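Inspection log for the structure reproduced underneath, given as structure tokens.
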Amino acid sequence: MLHSLHKFSLFMASKPQRLHQVAENNFQGSAKRVRTMATSTAIEPAMKDAFTGYAEYLNDLNDKRERVVKASRDITMNSKKVIFQVHRMSKFNKVEVLEKAEKDLAAVTDQYVSRLVKELQGTDFWKLRRAYSPGIQEYVEAATFCCFCKNGTLLELDEINKTLLPLNDPSLHPLQINVLDYLLGLADLTGELMRLAIGRISDGELEFAEKICKFVRDIYRELTLVAPLMDDNSDMKTKMDVMLQSVMKIENACFSVHVRGSEYIPLLGTDDPSSFLVGVPDIEL
């Protein structure tokens, strides 16, 4: 009995201390919750402002992308018109046709490429590259096509970018065509040169067709060295296969003229039913 009373007295003696510890722990927990709530209340407006800024940035970027896509489509459509104009060339109207093509190309630069430049200058061009790359490739194709038909030379990337500098604001980082889009446009050029070469053979301009053949072959050879170093996601692999087909078509056409049509060369480009043109459908094109 005495032992039980002693234990009870010890319990009662320690109870105030325990109650004090519990009260203290509850107070500390309450203080932590108050501080946490206060901190959370302070963070919420800052977080809201940050995500509002992110939303505005993404909306502006999407709007810009839509405008860039529209500008790229206009560049593509009008660059194709320049290419079609060059294909109207013959040995009788070469000067007039190329002058018209150059004026049309200058109009594409001033009216449509300039709009793209205004949208992209001073920004990270790679963010929107997929939006404007098709138009730039077509523009490169048209510009290099005109240059070769006029001068027989390749229009280099630096020369194209120099023509774009006057379109840029001097205070901003200028839009420049990148190497990848230039090479992809150059790969497409070979297809147009193949069509031109076949047309020149029909008109009897065999020397010009052979010049085209050598030029396309040189481009293909150089690109075979560059293509393996390019990104696997690029379109160059597909374009290289098409380019090889173009080279083979030009070579076959030129070879057929030399082997099968030497006696008909003076009649090339005429309407004579007995001319070499009768045998052209047999050429593997």
Inset, instruction - Answer yes or no as to whether G204 is touching a helix residue (DSSP H, G or I) at 6+ places or on another chain (Cβ under 8 Å), on the phi > 0 side of the Ramachandran plot and surrounded by fewer than 18 Cβ atoms within 10 Å (Cβ to Cβ). - result: no
Inset, instruction - Please give the number of the condition T238 fails out of (1) within 27 Å of K81 (Cβ to Cβ); (2) free of Cβ contacts under 8 Å to residues at least 40 places away in the same chain; (3) crowded, with 16+ Cβ neighbours inside 10 Å. - result: (3)
Legend entry - Looking only at the stretch 167-184, and only at residues there that are over 20 Å from Q111 (Cα atoms) and in contact with an Asp or Glu (Cβ under 9 Å, 6 or more places away or on another chain), the one that is surrounded by the fewest Cβ atoms within 10 Å (Cβ to Cβ): L180
Inset, instruction - Filter the stretch 98-135 down to the residues that are hydroxyl-bearing (S, T, Y) and in contact with a helix residue (DSSP H, G or I) (Cβ under 7 Å, 6 or more places away or on another chain), then identify the one that is surrounded by the fewest Cβ atoms within 10 Å (Cβ to Cβ). - result: S114
Inset, instruction - Inspect the stretch 213-226 for any residue being without any contact (Cβ under 8 Å) to a residue 12 or more places away in the chain and of a type in the set (A, V, I, L, M, F, W, C) and give the result as yes or no. - result: yes
Legend entry - Members of the stretch 202-221 that are small (G, A, S) and not in a helix (DSSP H, G or I): G204
Inset, instruction - With the condition kept exactly as written, say whether any residue in the stretch 39-47 is among the small types (G, A, S), part of a helix (DSSP H, G or I) and surrounded by 11 or more Cβ atoms within 10 Å (Cβ to Cβ). - result: no
Inset, instruction - Would you confirm whether any residue within the stretch 243-252 is hydroxyl-bearing (S, T, Y), part of a helix (DSSP H, G or I) and surrounded by fewer than 21 Cβ atoms within 10 Å (Cβ to Cβ)? - result: no
Legend entry - Any chance T224 is surrounded by 16 or more Cβ atoms within 10 Å (Cβ to Cβ) and either on the phi < 0 side of the Ramachandran plot or assigned to a helix (DSSP H, G or I) (or both): no
Inset, instruction - Name the one entry in F145, F125 that is at pLDDT 90 or above, aromatic (F, W, Y) and out of contact with any strand residue (DSSP E or B) (no Cβ under 7 Å at 6 or more places or on another chain). - result: F145
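The values are calculated or read from the model by the stated rules, or taken from the named source; none is laboratory data. Worth saying up front: this structure is predicted, and the values here are computed from it rather than measured. Counting neighbours? That spans all protein chains shown, and the Cβs are built from the backbone with ideal geometry, glycine included.
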